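Derivation of every value follows stated rules applied to the coordinates shown; laboratory data play no part. Predicted model only: the values in this text are computed from it and were never measured. So basically every Cβ, Gly included, is an ideal-geometry build from the backbone, and we count neighbours across all protein chains shown.
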Amino acid sequence: MTIYFNNGVYADKETMKVSIDDRGYYFGDGVYEVVKVYDGKLYTAEEHFTRFLQSAKKIRLDLPYTIEEFTEIAKKLAVDNGIVEGHVYIQATRGAAPRMHNFPGEDVVPMITAYAIHNPRPLSKIKEGVAVKTTDDIRWLRCDIKSLNLLGNVLAKQEAYEAGCAEAVFVRDGIVTEGSSSNMFGVKDGILYTHPATNLILNGITRRVVLKLCAKHSIGVMEEPFTLEQFNEMDELFLTSTTSEITPIVSVDGKPVGEGVPGRVTERLQQVFEETIH
Ligand code: PDD
């Protein structure tokens, strides 16, 4: 039995009830987080729940819990479900009300649901790398919000999968922004390049860990927009996310990156990242 969290109640998934009028269902009107569990413990929980509250604030949604309370909920789900390696998913919607675009009245409370699930680390992808496909970034201009509204991401990921690729790389006005569910990094002449944390990308927690590791280990970083042409000429490429960690990219649109194998700087970052998780 998997224990879920539903607005203060911990219970079996089958007994959970969410209204057909939920605004998450109608409009994708809500926000979410994915927090990794390593060795039975939450990884970078404070950063995730800080961003969760920030995302909620950006869509003018008041959440009834603090960072500490969300952390306790996530911990309890991980422990009660016996999760050693996996993740906690948590989402909040603006609640249930008859379908109207404008916000419902004050009496409507957010719907918060969460669960913890076993999810092993994708070790072979982390070691061998993945292929990616570039695609137009057709999303809205508030990609900094971790919104439930993921249609642009869903369509891009499916396009990548159908091309035999693990991830889609968004390109907006000739600039590489991020992946459909990850951040993008390139290495050229030993310097790391990644899109700055603007409204055009989600400022990933894994991205922030990587930038901190670069500072600690004296790897030069340029947080500057780079073009698709520059992306295609990088010596190394990798993507980051909570579940993918640091995954090397070994081909873009069918063309090999560098020698077509994970690069030296990427492997070094993977090594020091590994030290942060155990
Ligand atoms: N996705 N950019 C986008 C669009 C994302 O959806 C994600 C994460 C990231 C990386 O963020 P982080 O390092 O904080 O996980 C970047 C999650 C994992 C998901 O939707 O499942």
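3J(HN,Hα) along segment 9-14, derived from phi through the Karplus expression 6.51 cos²θ - 1.76 cosθ + 1.60 where θ = phi - 60°, amounts to 10, 9, 7, 5, 3, 5 Hz, with x in place of Gly and Pro. A Förster radius of 22 Å combined with the Cβ-Cβ distance from Gln158 to Asp253 puts the calculated FRET efficiency at roughly 0.85.
Could you give the Stokes-Einstein D for the chain in µm² per second, using the C-alpha Kirkwood radius, 25 °C, 0.890 mPa s? Reported coefficient: 125 µm²/s.
Once the other residues with Cβ under 13 Å from the Cβ of Val265 are scored (Lys, Arg +1; Asp, Glu -1), what is the net sum?
Values: positive: Lys188, Arg264, Arg268; negative: Asp189, Asp235, Glu236, Glu267.
Net of charged neighbours comes to -1.
When Lys and Arg each count +1 and Asp and Glu each count -1, what net charge do the other residues less than 11 Å away from Ser147, Cβ to Cβ, add up to? The answer is +2.
From the square roots a ≥ b ≥ c of the eigenvalues of the alpha-carbon gyration tensor of segment 123-277, which class results: rounded (a/c under 1.5), prolate (a/b over b/c), or oblate?
Numbers: a/c = 1.43, a/b = 1.24, b/c = 1.16.
Rounded, because the longest to shortest axis ratio a/c is under 1.5.
Counting only alpha carbon atoms, the long axis of helix 67-80 and the longest principal axis of the chain meet at about 90°.
Can you sort Asp29, Asp21 from fewest to most other Cβ atoms within 10 Å of each residue's own Cβ? If you can, show how the numbers build up before the last one.
On the way: Asp29 21, Asp21 14.
Ranking Asp29, Asp21 by Cβ neighbours within 10 Å, fewest first, gives Asp21, Asp29.
Here the Karplus curve 6.51 cos²θ - 1.76 cosθ + 1.60, taken at θ = phi - 60°, turns the phi angles of segment 252-260 into couplings of 10, 6, x, 9, x, 8, x, 7, x Hz, with x standing for Gly and Pro. Of the GluC sites (Glu not before Pro) found in segment 174-278, those in coil by DSSP whose Cβ has at most 10 other Cβ atoms within 10 Å are Glu259.
Over all other residues within a Cβ to Cβ distance under 10 Å of Ala156, the charged ones net out to -1, with Lys and Arg as +1 and Asp and Glu as -1.
With a Förster radius of 41 Å applied to the beta-carbon distance between Phe103 and Thr243, the computed FRET efficiency rounds to 0.80.
Eigen-decomposition of the gyration tensor built on the alpha-carbon atoms of segment 3-118 gives equivalent ellipsoid semi-axes of 25, 16, 10 angstrom, largest listed first.
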